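The values are calculated or read from the model by the stated rules, or taken from the named source; none is laboratory data. Since the structure is predicted, the reported quantities are computational estimates derived from the model, not experimental observations. With ideal geometry, Cβ positions are generated from the backbone for all residues, glycine too; neighbour counts draw on all protein chains shown. These area figures cover heavy atoms from the full protein model, side chains too; ligands, DNA and RNA do not enter into them. Shrake-Rupley method; radii C 1.70, N 1.55, O 1.52, S 1.80 Å.
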Amino acid sequence: MKKEYIPFVDELIELAIKEDIGDGDHTSLSTIPFGERGRMKLLVKQDGILAGVEVAKRVFERLVKDLEFEQLLNDGDRVKVGDIAFYVSGNMISLLQSERIVLNIMQRMSGVATQTAIYAYRIKDFKTKVIDTRKTTPGMRVLDKMAVTIGGGGNHRIGLFDMILIKDNHVDFAGGIKSALERVKEYLKKSGRNLPVEIEVRSLDDIDEVFAAGGADRIMLDNFDVPTTAEAVKKIAGRAEVESSGGITLDTLADYAATGVDFISVGALTHQIKSLDMSLKVVAE
């Protein structure tokens, strides 16, 4: 887990504890003797890519007294029905309090990783990298982004704070490409920030305008068809990174990759996924 992700992950875990446990897990408190220890296993019930083990361990460390964590599988491992990812032992009430939080995190992350792996495999023979977008579940963005990398994809910007991305609305409000780029450069100079700059274009003529205005680090081709994308890649010719975006599906992914773009951003990696089925079950000792 990247160091910069840890504060976000810890905040998310605290929120998950508040919303699920509240003032106590009264079912467990009333049915399980205080201080009783237990053992559980994470059972995989669907084929896919495993993700979230690191985060799950962090949840257990936060909640479970006298924790013992026996890890058998790692994030990024391909799993099948019946696989056991880990065993965890400790205070039984604490284990039961952790159960749904861990499963919610791991099932979604594994779903994202599995979806990403399908897309990444489709373009494995090209230099192009499939990357995510900001179309994520509020509060879970860092976990979604972690899962994408586990599945073999890449991350676009984390949020609005770590990259300048001039989209069509910014261009229109600023009065055009030239004005938007000039304002960005002035802002970065005044603020002392060193952020990469990407700009979205809607036509081949827009590309000429970008370079006439001094260029950008990356150019996003918004809703270009495949032939026009190929023309755009030739026009940019190594002067900037090239990203394709908008309406690209699994069926058309390889066609776009074949044009030579550096990145293809796909919102479906995080907002059209199916969680991977798994469960935490008590192990009799």
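Computed quantities for the displayed model
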read-out: Residue satisfying condition, being polar (S, T, N, Q) and crowded, with 20+ Cβ neighbours inside 10 Å, within set 149, 137, 128; value: 128
read-out: Filter result for residue 162 (touching a strand residue (DSSP E or B) at 6+ places or on another chain (Cβ under 6 Å), within 30 Å of residue 1 (Cβ to Cβ), surrounded by fewer than 18 Cβ atoms within 10 Å (Cβ to Cβ) and of a type outside the set (Phe, Trp, Tyr)); value: no
read-out: Inter-residue pairs, beta-carbon under 6 Å, first within 13 Å of residue 193 (Cβ to Cβ) and in segment 157-173, second surrounded by 17 or more Cβ atoms within 10 Å (Cβ to Cβ) and modelled with pLDDT of 95 or more, 6+ apart; value: 164/184; 164/197
read-out: Members of segment 224-234 that are farther than 18 Å from residue 210 by Cα and open to solvent by 60 Å² or more (accessible area, probe 1.4 Å); value: 225, 227
read-out: Condition check for residue 221: open to solvent by less than 30 Å² (accessible area, probe 1.4 Å) and farther than 26 Å from residue 259 by Cβ; value: no
read-out: Qualifying positions in segment 218-245 - modelled with pLDDT of 95 or more and of a type in the set (Gly, Ala, Ser); value: 230, 232, 240, 244, 245
read-out: Total residues in segment 165-178, condition in a helix (DSSP H, G or I) and open to solvent by 30 Å² or more (accessible area, probe 1.4 Å); value: 6
read-out: For residue 210: the one exception among (1) in contact with a Phe, Trp or Tyr (Cβ under 7 Å, 6 or more places away or on another chain); (2) not in a loop (DSSP other than H, G, I, E, B); value: (1)
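Quick grid of which residues meet (1) closer than 29 Å to residue 104 by Cα; (2) open to solvent by 40 Å² or more (accessible area, probe 1.4 Å); (3) touching a Leu at 6+ places or on another chain (Cβ under 6 Å):
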residue: 236; (1), (2), (3): no, no, no
residue: 241; (1), (2), (3): no, yes, no
residue: 246; (1), (2), (3): no, no, no
residue: 254; (1), (2), (3): no, no, no
residue: 261; (1), (2), (3): no, no, no
residue: 266; (1), (2), (3): yes, no, no
residue: 276; (1), (2), (3): yes, no, no
residue: 282; (1), (2), (3): yes, yes, no
